[in-house]
Amino acid sequence: KQFNAAGIAVFALDMFGPRGVASTADDQSLVPFAADVADVFAALRLLATHPRIDAQRIAAMGFSRGGTAVLRAGVEKIIAAQKLPDGLRYAALVPTYAGGCSGVFRLRVKPGVFAPAPMLFIHGDADDYTPIGPCQDYAERIGKAGTPVRFTVIAGAHHKFDADDPRRHYLRSAVRTKGDCPIEIDIDTLHAFDRGTGAQLTGAAYQDTLRNCRALGATVEGSREARAKAAQSAVAFLREVLAR
């Protein structure tokens, strides 16, 4: 509603329902992450054919693992693999409490990995599911590598702050990646590395590190105030970058 009121059309993707999945909190493998990325690019292709949509001014916004997919939509190698027509690509990206900032979802940042499309990260500083620290660090490194990046911190907001349910829930069996997980993936070689030491992780060393990165339990809580602040930030960002 906030986007529509600002004159921005919205195309909402349901990545779970059509696949018969209600939630992936306990088991992220129920929906492959590659399927999320495929959905994001399928949406771009479809929207680009709409007579009332400017194909050069389409942005993607994703929440949690949807934020991971949105980050992937800004990776040059992944964009090239889509073989999109006439240079079609997203004009801006808004990863919101994204799950792609740490562990096996985090890519090694170097010039040319991410596209020049501007990014706005939105994150609650009380998030214990996808902690804010790794995302702030990731955003800073992406920015230094050449992509215009901004970061909006929503004070006191937990994971899933955009939900209608204002009650705080603790999901005991939710699988999460620890904020200090050192794993990152090189998009060119698909090898895993320890960001702290720079060493390549293979075999037992990789499995041990991966196991130590996993934890259970996370908090979710909706907040109308946090949602409104996030929407305000996103609308201002999109109005600016899509007006160019």
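Observations on the model:
- No other residue among A92, A126 is surrounded by 21 or more Cβ atoms within 10 Å (Cβ to Cβ) and aliphatic (A, V, I, L, M) apart from A92.
- If you go through region 9-58 and keep only what is part of a loop (DSSP other than H, G, I, E, B), within 20 Å of A73 (Cα to Cα), out of contact with any Phe, Trp or Tyr (no Cβ under 7 Å at 6 or more places or on another chain) and touching a residue at least 12 places away in the same chain (Cβ under 8 Å), you end up with A9, F11, L13, M15, F16, I53, A55, Q56, R57.
- Any chance D54 is over 18 Å from the mean Cα position of the chain (by Cα) and modelled with pLDDT of 85 or more: yes
- Residues being on the phi < 0 side of the Ramachandran plot and either without any contact (Cβ under 8 Å) to a residue 24 or more places away in the chain or in a helix (DSSP H, G or I) (or both) - total across region 59-84: 14
- Given (1) in contact with a strand residue (DSSP E or B) (Cβ under 9 Å, 6 or more places away or on another chain); (2) modelled with pLDDT of 95 or more; (3) among the β-branched types (V, I, T), index of the condition T49 fails: (1)
- Residues in region 12-26 that are farther than 26 Å from D128 by Cα and either in contact with a helix residue (DSSP H, G or I) (Cβ under 6 Å, 6 or more places away or on another chain) or among the basic types (K, R) (or both): R19 alone.
- Every pair of residues 6+ apart whose Cβ atoms lie under 6 Å, when the first sits in region 200-213 and is in contact (Cβ under 8 Å) with a residue 12 or more places away in the chain while the second is small (G, A, S): L201/A192; Y206/A192; C213/G103
- Selected residue (criterion: modelled with the highest pLDDT) from residues of region 19-42 that are over 21 Å from V104 (Cβ atoms) and loosely packed, with under 10 Cβ neighbours inside 10 Å: G20
Conditions tested, residue by residue: (1) under 19 Å from V70 (Cα atoms); (2) small (G, A, S); (3) surrounded by fewer than 18 Cβ atoms within 10 Å (Cβ to Cβ).
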| site | (1), (2), (3) |
| --- | --- |
| A115 | yes, yes, no |
| T147 | yes, no, no |
| H158 | no, no, no |
| R167 | no, no, yes |
| I183 | no, no, no |
| D194 | no, no, yes |
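- A single entry from R45, R106 fulfils the requirement of being of a type in the set (K, R) and surrounded by 21 or more Cβ atoms within 10 Å (Cβ to Cβ): R106.
The values are calculated or read from the model by the stated rules, or taken from the named source; none is laboratory data. This one's a predicted model, so the numbers in the text were calculated from it and none came from an experiment. As a convention, Cβ positions derive from the backbone with ideal geometry for all residues, glycine included, and neighbour counts pool all protein chains shown.
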